[in-house]
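For reference, the structure is listed below as structure tokens.
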Amino acid sequence: MTKRALITGITGQDGMYLAELLHEKGYDVFGLVAGQNNPKADLLRVTHPYVEIISGNLLDLVSLIRAVAHAKPDEVYNLGAISFVAYSWENARLTSDVTGGGVLNILEAVRFFQDSSGRDVRFYQASSSEMFGKVQEVPQTEKTLLWPRSPYGVAKVYGHYMTINYRESYGMHASSGVLFNHESPRRGPEFVTRKVSQAVARITLGLQDQIALGNLDAKRDWGFAGDYVEAMWLMLQHDHADDYVISTGETHSIRELLDIAFDEIGISDWSERVHIDPAFMRPAEVDELIGDSTKARETLGWRPKVGFDELVRMMVRHDVDDQSKRAAGAQ
Ligand code: NAP
Ligand code: G4F
């Protein structure tokens, strides 16, 4: 029997990689898209023509009930969220509703479908290392105390525990992936890795002189999104639902990110190219994240393939090519 999967957040970075992975594995893939004329839906129709788009919004329980009833999924991946941490301070209510309350809505839609159809559905929740916030342990594991430092982080904690609660209350096969930062050439330009790779590309092409950044001392455990969606799928193939940290086990500062990105275009001293703009500082910072993914490695057989240096260079090379094409197109 062909398996069926419903992905919320399909127009995002992870949604696109996951859709490709599931399609390669022979799944029928359904994607929830919000908005009445979302331009990303048009793009998705071109890049991922095999995805059946379903209109719906994580804020609208009825739309989710209809979406799940239409897709009749064996697996639901809840990737939809307001995911930009900085934005969440300015839009705390909306972030809480979508990133937190949306999890409850999709869990309820899945439960309603299971009860009314008698079919079993496996559920994945996109939890985040941002939940560790002011870290209480180094490295962070599935057992580390959560201490979120942003409205986004608080909303993710709510979704995380709601997922665990549905597993324990209703016996749902509901797993939560506590994923550390993961990036790619598809990463949104608001996130620091892509902001840097795009700026560095424009600098080497003579289209920009400098890049404005915030805290250069923060450290993240950065992996490649293509590797991380495989972990999501592996969680739902396991007999038992559980929570898993997904990380590389290495941490790097924004300064190290800049070292590699500028090195890729032949600049060794980037100090004249970067200026600090207080506008990019956060009300509360997550200073250092580093994950211990031993459980996922031992239980699921998962491991990351792309390292930090390769990831950053891949993104810069992609953006040099992309920005060159844009510049040529503008002439
Ligand atoms: P992303 O690129 O920002 O994608 C977010 C997706 O959510 C988009 O498709 C967006 O749709 C959708 N969305 C937003 N509001 C929605 C709503 N009200 N109803 C339905 N869909 C909505 O994020 P990502 O990097 O792919 O991350 C995927 C998930 O993993 C997110 O939940 C994120 O919080 C979580 N996560 C990410 C990382 C990471 O490092 N990337 C790490 C840990 C956890 P439109 O843009 O079309 O509106
Ligand atoms: O790239 P970022 O915006 O990612 P952040 O805040 O770690 O969040 C990402 O990863 C989380 C997993 O831990 C996800 F849950 C979340 O959805 C998202 O995908 O910022 C990374 C670091 C921060 O410390 C930030 O202060 O980079 C620092 N930074 C310094 N200058 C900057 C900038 N971040 C951004 N976005 N822009 C800057 O100019």
So for region 129-147 (the condition being more than 15 Å from ligand 1 (Cβ to nearest atom) and among the acidic types (Asp, Glu)), does at least one residue qualify? yes
Candidate set: region 224-241, residues that are under 19 Å from Val121 (Cα atoms) and within 16 Å of ligand 2 (Cβ to nearest atom); chosen: the one surrounded by the fewest Cβ atoms within 10 Å (Cβ to Cβ): Ala231
Write out, first by first residue and then by second, each pair whose Cβ atoms fall under 6 Å of each other, whose residues are 6+ apart or on separate chains, and whose first residue, in region 11-40, is over 16 Å from Leu79 (Cα atoms) while the second is away from ligand 2 (no atom under 16 Å from the Cβ). His23/Val29; His23/Tyr50; Tyr27/Lys3; Tyr27/Ala5; Asp28/Thr2; Asp28/Arg4
Just one listed residue, out of Ile254, Ile260, Ile290, Ile267, is open to solvent by less than 20 Å² (accessible area, probe 1.4 Å) and modelled with pLDDT of 95 or more, and it is Ile254
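Within region 187-223, track down each residue that is more than 13 Å from ligand 2 (Cβ to nearest atom) and of a type in the set (A, V, I, L, M, F, W, C). Walk me through how you get there before you give the answer.
We begin by selecting, within region 187-223, every residue more than 13 Å from ligand 2 (Cβ to nearest atom); these are 200-209.
Those that are more than 13 Å from ligand 2 (Cβ to nearest atom) and of a type in the set (A, V, I, L, M, F, W, C): Val200, Ala201, Ile203, Leu205, Leu207.
Does Asp277 qualify as being in contact with a strand residue (DSSP E or B) (Cβ under 8 Å, 6 or more places away or on another chain) and exposed (fewer than 15 other Cβ atoms within 10 Å of the Cβ)?
Here the answer is yes, as Asp277 does meet what is asked.
In this structure, is Pro49 touching a residue at least 12 places away in the same chain (Cβ under 8 Å), away from ligand 1 (no atom under 13 Å from the Cβ), over 30 Å from Glu285 (Cβ atoms) and not basic (Lys, Arg)?
Numbers: touching a residue at least 12 places away in the same chain (Cβ under 8 Å): no; away from ligand 1 (no atom under 13 Å from the Cβ): yes; over 30 Å from Glu285 (Cβ atoms): yes; not basic (Lys, Arg): yes.
Against the criterion (touching a residue at least 12 places away in the same chain (Cβ under 8 Å), away from ligand 1 (no atom under 13 Å from the Cβ), over 30 Å from Glu285 (Cβ atoms) and not basic (Lys, Arg)), Pro49 does not qualify.
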Could you run through region 159-186 and say how many residues are open to solvent by less than 30 Å² (accessible area, probe 1.4 Å), touching a strand residue (DSSP E or B) at 6+ places or on another chain (Cβ under 8 Å) and within 16 Å of ligand 2 (Cβ to nearest atom)? 11
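The values are calculated or read from the model by the stated rules, or taken from the named source; none is laboratory data. Remember, predicted model here, so these are calculated numbers, not experimental data. In this analysis, Cβ positions are derived from the backbone assuming ideal geometry, glycine residues included, and neighbour counts consider all displayed protein chains. All accessible areas refer to the heavy atoms of the entire protein, side chains included, with ligands and DNA or RNA removed. Shrake-Rupley method; radii C 1.70, N 1.55, O 1.52, S 1.80 Å.
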